[in-house]
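Peer 1: Next up is a structure, given as structure tokens.
The values are calculated or read from the model by the stated rules, or taken from the named source; none is laboratory data. Remember, it's a predicted structure, so these values are computed and weren't measured experimentally. With ideal geometry, Cβ positions are generated from the backbone for all residues, glycine too; neighbour counts draw on all protein chains shown. When the accessible area is computed, the model is the full protein with side chains, heavy atoms only, and any ligands, DNA or RNA have been set aside. Shrake-Rupley method; radii C 1.70, N 1.55, O 1.52, S 1.80 Å.
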Amino acid sequence: MQRHEQHVRKTQSGSSLAVSHTRPKLFIAGGLGIAILLLAYSSLTWNRFVANVGVCPQLFCDFVDYYLPMGKAIFHTGLPVDGFLYSPFNAILLAAFPPLGLDVSLILWGILQATAIVLCLLLLHRLLPGALPFHILVVSLTLFSYPLWLNFLTGNTSTFIMVALIGALWAVERGHYITAAFLLAFASSFKFYPVIFLVPFLACRNARFALLGAAPLILLLCLIPSAVLGTDGAIEFYGALIASFRESDWVTANPHSQFFPHVALRLLGADGTDAPIAHWVLWILSYAIAATNLVFVYRIQRARVYQVNLWSFSIVFLTTPFVLKTSWPIDFAFLPFVQSFLLWHVRQAGSWTGSRGARTLHTQGTTSFYLVLLSILISNVVFFDLLGDFSLYGYGGFLFLATALLLAAIYIEHLPALWQSREHPKGAARLSNEKGSVS
């Protein structure tokens, strides 16, 4: 227990806050070293990477094809352009780019993308415990993550969503609930699904944060669009979005969708239209798994396990491909965070020796370690480059598999202790070496 306590300090809110045992200068130097290695690798493989992806021949193609046109159209038509599936709040923000011209807009967008990545790394450095070698590993996993590379190529918004959610977790750990609520709302204004990150707070019956979370959501998604576009204009914009979602059945057969029912149907050799019963059964199963994950979050919150906030956010991240209909590869930018956290946990658990329970946990940790290792392998850009086929990578559901492996590792790590604590409440101490919760 003492070994874990040195990694934790208490905030005023009562949540356990990880403390990184690395000197900032050494971490920055190590991070720059990994960045130089990244530049060297990308200089040799970037053109091949772009060719393998195929669907995005120019840098920031999503920005050029969707975001910039949306910025031009928002105050003219007031409706989303084809392919734009974000909120009217985002469309209003994008209106700042067209007056700058294409070249300046691309430079600014690149700066924003790079800034989001750097901020994410700094937040992970503050959130995750461990010594310098571990944090250099975190930087490596992040910078060589295939979803991150694809997001940078397309210029998509997933890095912004990711840094907002990690920032919300960082704020929660410090008891800054208002900041966390606005960051969650900002993340939800892109692809809406981050709303499910309110679940950990509802699970621990934190009604105050639930209300705080609802207020900025209403502000960003309803009040600001209504003030700028008019109430009728905002309603019309959302109506067009709903129509686009209804007409998105083509996603089912798209090999790049990592939504669980779509991956399963492709592996069964169906596309949904020729197997409607299987399609609906898989949808029901997918949402049942998502519901199970959220119940699991509730159990973890009630048990107040060590690093409860990080565990809760990790599980909600891993629930994404069970609820998000598109689940494009770029939406898996969360993988390095969960992989890093699980590696740290398994290493700590694997060092416990002496009792029968510790030896059992060590065996579980060995299984979890290999699951995480395989997840890292198949979600890495080097693996994608070796495979060399964008469609095959998506068709095989490699990113969904990487997520499922991590989810399995989390259940392996927690289910036995949760079950034991349910039967023997006094044994809950084995589940947690330190108390902490979102509340």
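Peer 1: Looking at Val104 and the list (1) over 23 Å from Ser391 (Cα atoms); (2) open to solvent by 30 Å² or more (accessible area, probe 1.4 Å); (3) under 23 Å from the mean Cα position of the chain (by Cα), which single condition is not satisfied?
Peer 2: Tallying (1) over 23 Å from Ser391 (Cα atoms); (2) open to solvent by 30 Å² or more (accessible area, probe 1.4 Å); (3) under 23 Å from the mean Cα position of the chain (by Cα), Val104 fails exactly one: (3).
Peer 1: Restricting the stretch 230-259 to residues that are more than 30 Å from His279 (Cβ to Cβ) and open to solvent by less than 40 Å² (accessible area, probe 1.4 Å), which is nearest to the chain's Cα centre (by Cα)?
Peer 2: Ala234
Peer 1: Only residues that are over 13 Å from the mean Cα position of the chain (by Cα), surrounded by 24 or more Cβ atoms within 10 Å (Cβ to Cβ) and not in a loop (DSSP other than H, G, I, E, B): list them for the stretch 152-179, please.
Peer 2: Thr154, Val172
Peer 1: Here are Leu68, Leu106, Leu39: which of them is within 30 Å of Arg126 (Cβ to Cβ) and not charged (D, E, K, R)?
Peer 2: Working: Leu68 fails: within 30 Å of Arg126 (Cβ to Cβ); Leu106 fails: within 30 Å of Arg126 (Cβ to Cβ).
Answer to the check: Leu39.
Peer 1: Can you tell me which residues in the stretch 275-310 are among the hydroxyl-bearing types (Ser, Thr, Tyr) and either on the phi > 0 side of the Ramachandran plot or modelled with pLDDT under 90 (or both)?
Peer 2: Tyr298, Tyr306
Peer 1: Ok, one more. From the list Pro194, Pro225, which one is at pLDDT 80 or above, within 16 Å of Ala164 (Cα to Cα) and not in a loop (DSSP other than H, G, I, E, B)?
Peer 2: Criteria check complete, one pass: Pro194.
Peer 1: Same structure again: Working only within the stretch 386-414, note down all residues that are open to solvent by 10 Å² or more (accessible area, probe 1.4 Å) and within 30 Å of Asn47 (Cβ to Cβ).
Peer 2: Leu386, Leu387, Gly388, Asp389, Phe390, Ser391, Leu392, Tyr395, Gly396, Phe398, Phe400, Leu401
Peer 1: Looking only at the stretch 331-348, how many residues end up being open to solvent by 10 Å² or more (accessible area, probe 1.4 Å) and either closer than 30 Å to Gly83 by Cβ or at pLDDT 95 or above (or both)?
Peer 2: So the count comes out to 1.
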